[in-house]
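Participant: Take this structure, written in structure tokens, and hold onto it; I'll ask about it next.
Values in this text are rule-based calculations from the coordinates and carry no lab data. None of these values were measured; they are calculated from a predicted model. Cβ: placed from backbone, ideal geometry, glycine included. Neighbour counts: every protein chain shown.
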Amino acid sequence: MQVLVSAPGKAILHGEHAVVHGKVALAVSLNLRTYLQLKATTSGKVCINLPNIDTFCCWDLSELRQLLPHFCGKREEVKRLDAELVKKLREFVGVADANLDTCNMAILSFLYIYISLFGSGELPSLTVSVWSELPTGAGLGSSAAYSVCLAAALLCASGAIPAPLKEWDHTARWCQEDLELINSRAFQGEMIIHGNPSGVDNAVGTWGGMLRFLAGKIIPLSRVPLLRILLTNTKVPRSTKVLVARVKDKINKFPSIMAPVLDSVDAISCTCEKVLSEMTSEPITGEHYNILEELIDINQHHLNVIGVGHPALDTLCRVTLAKGLHSKLTGAGGGGCGITLLRPETDSSVVQTTVQDLRDCGFDCWETSIGGPGVQQHSPLSVKEEVLEILNRY
Ligand SMILES: Nc1ncnc2c1ncn2[C@@H]1O[C@H](COP(=O)(O)OP(=O)(O)OP(=O)(O)O)[C@@H](O)[C@H]1O
Ligand SMILES: C[C@@](O)(CCO)CC(=O)[O-]
Ligand SMILES: [Mg+2]
């Protein structure tokens, strides 16, 4: 048995952090994807290869079986983590509670999904290799794309969902019911990595396209205008888990001050959704873009107020504004990535000089297309050769 899957990263247009506290977020998938290959083996081992984060691990099945007595097998409850299993896995991997180490988080989420799916039967011997085009830990949903790929491949390997790819297909997607299963298992992976995720990132990784997310409810936005977006990675490292916890502390400390800010972010997401919808039903005017730009500016100020800005993100906003372009952070902030809205009439020479100015600040910067498909199964022919070469190295 062999399964090859991929899931996209995401950009949040509006609503990051507020969405954790029950407000609306608008998010869109990117054309940057994470790829995962799972191979059933007869080695009696479970191996995981994560070259993006330089992590390679193998365990004997006999070692992993020791975890099973602590796994109670009530697997229908997927909205919460099995605290006993998490504790046991932390001991097994040797991670303290507060440890946020990149490789430990990735290993823990893999082992959690693996044990919770296979723990009540025979543990299979397999090798999983992951490669991503997304920067890790930079606000583009790398953790969600990783968790969605793990969930899809392991659910397939367990037989809980079918492999949708037919002999003659290059790519295939699962039916709605299977996507819901993938999304809920991926949410568990996100809980391990994020602590308290809203679920918006794994929803975009699962369904792709643009969606509105509110309190776990996912509404795909099918009629959206084509937006041109510049992505900038400030390369300032940050952890979503730490930033989400920091925002929660601030809300607890200043509830009456922070609540109106979150309400305002909610109103920004709703206004943006309305404008985007108008742009598909009436001729697009400069005024539509003026409003989208103002919403970006207001939200960026709010994100600074809730404590998730960074001087490098201020630099991004300043450098792009000097060219008449508007930017905000995307994802958890504290560094990582920002988005810049390009107007249809923005000349390519302006884009090029902006990109150069941002690169001169030490940032990575590229124009991206948005709205790509959610989680997919692939035939090897439909995956870029360089990606296949990396996955097949292990
Ligand atoms: N390609 C990958 N291989 C292995 N682990 C990965 C990969 N991509 C992400 N991860 C895991 O996800 C963690 C980063 O998640 P984090 O939520 O902090 O950032 P993000 O998802 O990129 O940004 P955001 O949540 O703001 O969109 C890494 O520390 C690692 O554990
Ligand atoms: C910061 C946050 O709102 C988005 C991270 O991409 C966290 C979440 O929703 O889980
Ligand atoms: Mg994440």
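Participant: More than 36 Å apart: what percent of Cα pairs in the chain qualify?
Facilitator: Above the 36 Å cut-off, the chain has 23 percent of its Cα pairs.
Participant: Still on this model: Residue-wise, which Karplus ³J(HN,Hα) couplings in Hz belong to region 379-394, taking 6.51 cos²θ - 1.76 cosθ + 1.60, θ = phi - 60°, and x for glycine or proline?
Facilitator: For region 379-394, the Karplus curve yields 8, x, 5, 8, 10, 3, 4, 5, 6, 4, 4, 5, 5, 7, 5, 10 Hz.
Participant: Could you work out the Kirkwood radius for region 128-217, taking every pair of different alpha carbons, averaging 1/r and inverting it, reported in Å? Write out the running numbers ahead of the final one.
Facilitator: Working: mean 1/r = 0.0730 Å⁻¹.
About 13.7 Å, per the Kirkwood formula over Cα pairs.
Participant: Provide the per-residue ³J(HN,Hα) series for region 343-359, in order, calculated from phi with Karplus coefficients 6.51, -1.76, 1.60 and θ = phi - 60°, each as a whole number of Hz, with x at glycine and proline positions.
Facilitator: Result, rounded to whole Hz: 7, x, 8, 4, 5, 5, 5, 5, 4, 4, 6, 5, 4, 5, 4, 6, 5.
Participant: Counting each pair of different Cα atoms once, what's the Kirkwood radius of region 293-389 in Å, rounded to one decimal?
Facilitator: 15.3
Participant: At residue 136 and residue 278, where each label point lies 7 Å from the Cα along Cα→Cβ, what is the point-to-point distance in nanometres?
Facilitator: In this crude label model, residue 136 to residue 278 measures out at 4.4 nm.
Participant: Take the Cβ-Cβ distance between residue 323 and residue 57 as r, set R0 to 41 Å, and report the resulting FRET efficiency rounded to the nearest 0.05.
Facilitator: 0.35
Participant: Full extension from residue 382 to residue 287: what is 0.36 nm times the residue separation minus their Cα-Cα distance, to one decimal in nm?
Facilitator: Values: separation 95, 0.36 × 95 = 34.20 nm, distance 4.08 nm.
In short, 30.1 nm is gained.
Participant: Search the structure for amide H atoms under 5 Å from the amide H of residue 228, placed 1.01 Å from N in the peptide plane, and list their residues when 5 or more places away or on another chain.
Facilitator: It is 342, by chain and number.
Participant: Continuing with this model, one more query. Over the chain, what relative contact order in percent results from Cα pairs under 8 Å that are six or more residues apart?
Facilitator: Relative contact order, the chain: 27 percent.
Participant: Exceeding 32 Å between C-alpha atoms, which entries from my cross-link table qualify? They are 217/241; 23/45; 45/87; 45/166.
Facilitator: Details: 217/241 22 Å; 23/45 44 Å; 45/87 22 Å; 45/166 29 Å.
Violating the 32 Å limit, Cα to Cα: 23/45.
Participant: Normalised radius of gyration for region 93-157, please: alpha carbon Rg relative to 2.2 N^0.38 Å, two decimal places.
Facilitator: So the Cα radius of gyration is 1.20 times the expected 2.2 N^0.38 Å.
Participant: When 289, 394, 114, 146 are ordered from fewest to most other Cβ atoms inside 10 Å of their Cβ, what list results?
Facilitator: 394, 289, 114, 146
Participant: Run the quick spin-label model on residue 43 and residue 101: label points 7 Å from Cα toward the beta carbon, then report their separation in nm to one decimal.
Facilitator: Here the modelled spin labels are 2.1 nm apart.
Participant: Please check which bits of region 214-241 a label hung off residue 184 would reach, taking the label as a point 7 Å along Cα-to-C-beta and the cut-off as backbone N under 20 Å.
Facilitator: Answer for region 214-241: 214-220.
Participant: Along region 325-341, what does the Karplus equation 6.51 cos²θ - 1.76 cosθ + 1.60 (θ = phi - 60°) give for ³J(HN,Hα), rounded to whole Hz, x for Gly and Pro?
Facilitator: Result, rounded to whole Hz: 10, 10, 10, 8, 5, 9, x, 7, x, x, x, x, 9, x, 10, 10, 7.
Participant: Tell me the volume per residue, in Å³, of the convex hull enclosing the alpha carbons of region 273-348.
Facilitator: Values: hull volume 7.5 nm³, N = 76.
Measuring per residue, one finds 98 Å³ for the Cα hull of region 273-348.
Participant: Something else: P(r) tail for region 222-340, what percent of Cα pairs lie past 24 Å?
Facilitator: Percent of Cα pairs beyond 24 Å in region 222-340: 32.
Participant: Once fully extended, how much extra length lies between residue 369 and residue 91, figured as 0.36 nm per residue of separation less the alpha-carbon to alpha-carbon distance?
Facilitator: 95.9 nm
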